[in-house]
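The next block holds one structure in the form of structure tokens; read it before the comments.
The values are calculated or read from the model by the stated rules, or taken from the named source; none is laboratory data. Not measured: the values here are computed from a predicted model. Note that each Cβ is placed from the backbone with ideal geometry, even for glycine, and that neighbours are counted across all protein chains shown.
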Amino acid sequence: MRSLNLDQLRAFVEVVERGSFTAAAKELNLTQPAVTHQVQELERRFALPIEDPAFETVPLFNDELVAILPAALGQVPKKVTPAFLSQCPLILGSENSALRRTIADWLALASPPPRPLMEFDNVEAMKSVVAVGLGASIVPSLSLGAGHVMMANTLVRPLSPRASRQVGLVRLRGKRGTDGMELVSAALLTLRRRPAARSG
């Protein structure tokens, strides 16, 4: 990882002061992806997500992550550990994705995270590669439900220790959506899991 530099800090300050990555890029005479990259470098260095102030994020629920492995792999434990999965050829998502960072943190519980055999931007592609026996992966459990690619010749195992990703609704601050968007947002907000009521 590269060391902290003034360009990263300058980009972060401009994003905060201007209220968006696009406005910061204009002020710095850079492209929006360049500013995003500078801020992502800060996120990686300090292991903290830096939110774009132009957006509001509403957490909905946690989606459990699971291991998927080729059925032909042989002896697979009932719960998959970082040590076990690190010994398999890995098919993972894009290095810059939040899902990949979560998986890398989980794999690092055993040792430095191994390099993947292949990387994809699409979970369905990852599942297909695992199904033909080229490696193992970790995917969100929601990607295994109805409406997704069926997974013949694939074993699904829970992770030990457990890992999950946060699913949320991201909205542009201060912008009123269309009636259709408001309807979809309201439906998504019903998915929010409420804390269990305490008895007593």
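Data for the structure
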read-out	value
Breaking point among (1) assigned to a loop (DSSP other than H, G, I, E, B); (2) under 17 Å from Leu159 (Cα atoms); (3) among the aliphatic types (A, V, I, L, M); (4) free of Cβ contacts under 8 Å to residues at least 24 places away in the same chain, for Leu30	(2)
Positions within the range 34-50 being among the polar types (S, T, N, Q) and at pLDDT below 80, in sequence order	Gln40
Meets criteria (modelled with pLDDT of 85 or more, part of a strand (DSSP E or B) and within 22 Å of the chain's Cα centre (by Cα)) for Glu124	no
Any hit, the range 96-105, residues being in contact with a Ser or Thr (Cβ under 7 Å, 6 or more places away or on another chain) and either of a type outside the set (Val, Ile, Thr) or crowded, with 17+ Cβ neighbours inside 10 Å (or both)	yes
Any hit, the range 74-84, residues being free of Cβ contacts under 8 Å to residues at least 12 places away in the same chain and under 17 Å from the mean Cα position of the chain (by Cα)	no
Candidates Val129, Val139, Val80, Val156, filtered to the one that is at pLDDT 90 or above, under 27 Å from Leu191 (Cα atoms) and surrounded by 17 or more Cβ atoms within 10 Å (Cβ to Cβ)	Val139
Complete set of residues in the range 176-200 that are at pLDDT 75 or above and part of a loop (DSSP other than H, G, I, E, B)	Arg176, Gly177, Thr178, Thr190, Leu191, Arg192
The listed residue being in contact (Cβ under 8 Å) with a residue 24 or more places away in the chain and in a helix (DSSP H, G or I), out of Leu60, Leu109, Leu99, Leu92	Leu99
Condition met for Val184 (surrounded by 12 or more Cβ atoms within 10 Å (Cβ to Cβ) and not charged (D, E, K, R))	yes
Residue within the range 158-166 that is touching a helix residue (DSSP H, G or I) at 6+ places or on another chain (Cβ under 7 Å), among the basic types (Lys, Arg) and not in a helix (DSSP H, G or I) present	yes
Checking Glu56 against (1) surrounded by 16 or more Cβ atoms within 10 Å (Cβ to Cβ); (2) within 30 Å of Ala11 (Cα to Cα), the condition it does not meet	(1)
Residues that are out of contact with any Lys or Arg (no Cβ under 9 Å at 6 or more places or on another chain) and in a helix (DSSP H, G or I), drawn from the range 15-24	Val15, Val16, Glu17, Phe21, Thr22, Ala23
Every pair of residues 6+ apart whose Cβ atoms lie under 8 Å, when the first sits in the range 137-158 and is on the phi > 0 side of the Ramachandran plot while the second is hydrophobic (A, V, I, L, M, F, W, C)	Asn153/Ala71; Asn153/Ala72; Asn153/Ala131; Asn153/Val132
Tally of residues being closer than 17 Å to Ala163 by Cα and in contact with a Lys or Arg (Cβ under 7 Å, 6 or more places away or on another chain) across the range 52-61	2
Residue that is modelled with the lowest pLDDT, among those in the range 68-77 that are in contact with a Ser or Thr (Cβ under 9 Å, 6 or more places away or on another chain) and not in a loop (DSSP other than H, G, I, E, B)	Ala71
